[in-house]
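Quick note: the coordinates plus some simple rules give every number you see, no bench work behind them. Since we're looking at a predicted model, the values are computed, not measured. So basically every Cβ, Gly included, is an ideal-geometry build from the backbone, and we count neighbours across all protein chains shown.
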Amino acid sequence: MSDKPKTAASQGLASCHLCLKLVSVDVHVCPRCGSAIHLRKSNSLERTLAFLVTASILYIPANLLPIMITDQLGQPTESTIIGGVVLLIDMGSMPIAAVIFFASVMIPVSKLAMMYYLCWSVRHGPPETARQRTVFYRITEFIGKWSMIDVFVVAILVALVNLNNLLVIRPGTATVAFAGVVIASILAAESFDPRLMWDQQEDNNE
Amino acid sequence: MSEMQPSISSGRKFNAIWIIPLVALVAGVSIVVHSYMTEGPTITIEFKTAADLKPGKTKIKLLDVDVGLVESVVIKPDMSSVIATVKLDQNMRDHLNKNTRFWIVRASVGAGGVSGLGTILAGAYIKMAPGDGAGKQKAFIGLESPPQTPADAPGIRLTLFSDRAGSVSAGNSVLYNGYAVGRVETMTFDADKRQARYEIFIDAPYHELVNSSTRFWNVSGISLETSTMGIKIRTGSLDTVLLGGVAFAAPPGVPAGGPIESGKEFKLFDSYDEILTNPYRFGAYYVVMFKQSLRGLAPGAPVEYRGIQIGRVERLLMKELAAGGLTGGGASIPVLIYIEPGRIELADTQESVDQFKRVVKKGVTRDGMRATLETGNLLTGKKLISIDYFADKGPAELGQFDQYAVIPTIETGVARLQQQASDFLAKLNALPLEETVAEANNVLGNADSTLAALNLLLASDESQALPGELASTLADLRDVLAGFSQDSQVQQGLGASVNTLSTTLQSLDVLIRQLSIKPNSIIFPVSHEADPVPEAYSR
């Protein structure tokens, strides 16, 4: 095992979260940028789980409540996310329906599921899948921001479509909830320290 | 591992980060609880068709404020109508009772005006009219046509019924002295009672004009009547002529009745004239049965008590009589009469009718009250029914025919006259006529002998010579008279004497005139005066 590269942690070194300078774990303040030094993100798993639970809770009203209210000639029509997708499919706009469905349903749900899996796997996952899980983490981090697309669509429509009595689009309560889901899931991904997965492998190796 | 590595406590300490999901949970739960708490009642409304009802779109409005939404529209299992499930706002919970009404508002163009234009663009909606009634209700039957008046408007809502559906329809005016004070809201036809029924509403304060003696009549169209007095045309206001309408008033001479409550039923008369002939509202039916000819007794004929009209003949109950089976033997013919206590200045109420019924019962069972058929008009032979007390008739019982009480009758009029005539003849028969004739014969025999004696007297010689003596006496009388004729000596001497007297008197006349002008002319000579000359006309 001696040919294996030594980790910084095993050398008593910690990386600054901000400027990535390697300093001794004894030092609590980064001598270069002045931010706090931790060996690993503090309470990473707990924080991640907390944000994940928040996102999961918010995801329920985000789907049940109307995300967009269209006032057409004074007749308000409320549409939920799934309702909108179904409506688009009915109207034959399959591509748009697919985009909305991916952005609003597939991405948040798969992201949450992957994050839960990652959190679980830090303690209980088989170590040999660590590389695969890192890929998961990369994907999660990448797609997370795209789920905000739904909120953006609503925000842009509200701003653009305001023809007084003819046609007015108003954001529904679900918009806030959905934005909450996206923010919570981004924060969860941010809180997660992927190095924990490798720590597990290191521990197993020793 | 370095000894310098900080010891990481694995104690189960509460981390502040969990506040975030807690807040999210509380927020989520509060939304759920809030929406559950503020969840309005879900009701069902039945409509004939689902025209203009769109699930998730059609709204329920109260005073033009959205108070609910149609969630679904399903067809009733028996396919007779559709049921709309409606979710209402929470604060509508207290307004749902049996008087709450729902109807669909659509654009409509009619004689009453154009309404609901806004629904052309925005779509139809269901209008709600809250009612004040007891009890909660979740299932409603929607009205097919909008009620004309809000449920809580001040006024009075009445029901009119009529045997035939005239030209009155929903939306027509209700007039009092020609002024519109209300409107007909709905018109339905009751197949069971075979009556047209109208719901009318009379606005405050005019609802106080309606009392228990008020009558309603149809003023639709133009009533034209021709008689010897000319042509009489009666119309309501122009819109009632074109569209129909209802008028009401108290019939002339009828005292005002008591106040009435909403929902009371009134008869809708066909015309004002019908009210004049039927001005009273309450009355009692009786049956009188006659064994005599009813010729001249027509429906509408008066029923009188000692000459005062107290009611009228309704009809002959021939159908009911026939229904009982014809037995032959000349059954009495039942006549239905209708007696109205209001005609004799009693209050026109049910109490008066009950009081009248008690009087009749007492009168019949104790005081000999009877009905008689009398001739009202000798020329036309019109008959009437008279009710009176006949002291010589003993007590009787009120009979029963069909569902009516029967007042016992006695025969009068011609029938009574016939009875009296036959009584008279019987008395005539009993007279000792033969003895009288024998007496008369005796008297005549005596007269005969007297005449024979007279004949003998005339045939005697003295009697025969009497004419000859009479003739010679007359000849003597003629001779005497001839001595006084014109050319006799007595006559001539008398004429000469008279002539002499006349001449003497003429000469005496001249002297007397002279003396009257100038009395002294016998002594003094007469001087003649000059003739008078007229004076000239002097200027």
Quiz prompt | Degrees separating the helix B:489-517 axis from the principal Cα axis of chain B, which is the longest one | solution = 70
Practice problem: Can you tell me the 0 to 90 degree angle between the C-alpha axis of helix B:414-430 and the longest principal axis of chain B, rounded to 10? | Solution: 40
Quiz item: Does anyone have the angle between helix A:44-64 and the longest principal axis of chain A? Alpha-carbon axes, 0 to 90°, nearest 10?
Solution: 10
Quiz item: Among residues other than residue A:105 whose Cβ falls under 13 Å from its Cβ, what is the net charge (Lys/Arg +1, Asp/Glu -1)?
Solution: 0
Quiz item: Amide H to amide H, which residues 5 or more places from residue A:14 or on other chains are under 5 Å from it, using H placed in the peptide plane?
Solution: A:23, A:24, A:25
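What is the antiparallel percent of DSSP beta bridges lying wholly in the protein assembly as shown, to the nearest 5?
Details: 96 of 117 bridges.
Taking every DSSP beta bridge within the protein assembly as shown, about 80 percent pair in antiparallel fashion.
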Practice problem: Provide the per-residue ³J(HN,Hα) series for the stretch B:176-191, in order, calculated from phi with Karplus coefficients 6.51, -1.76, 1.60 and θ = phi - 60°, each as a whole number of Hz, with x at glycine and proline positions. | Solution: 10, 6, x, 9, 6, 10, x, 8, 7, 8, 9, 9, 10, 10, 8, 5
Exercise. Give, as a single signed number, the net charge of other residues whose beta carbon lies under 15 Å from the beta carbon of residue A:156, with Lys and Arg counted +1 and Asp and Glu -1.
Key: 0
Practice problem: Kindly identify the protein assembly as shown as rounded, prolate or oblate by the Cα gyration tensor criterion: order the square roots of the eigenvalues as a ≥ b ≥ c, call it rounded if a/c is under 1.5, otherwise compare a/b with b/c, prolate if a/b is larger, else oblate. | Solution: prolate
Exercise. Check the straight Cα-Cα distances from residue B:319 and name the aspartates and glutamates below 20 Å, setting aside those fewer than 8 residues away within the same chain.
Key: B:402
Quiz item: Out of residues 5 or more away from residue B:406 or on other chains, whose amide H comes under 5 Å of its own, with H placed 1.01 Å from N in the peptide plane?
Solution: B:287, B:399, B:400, B:401
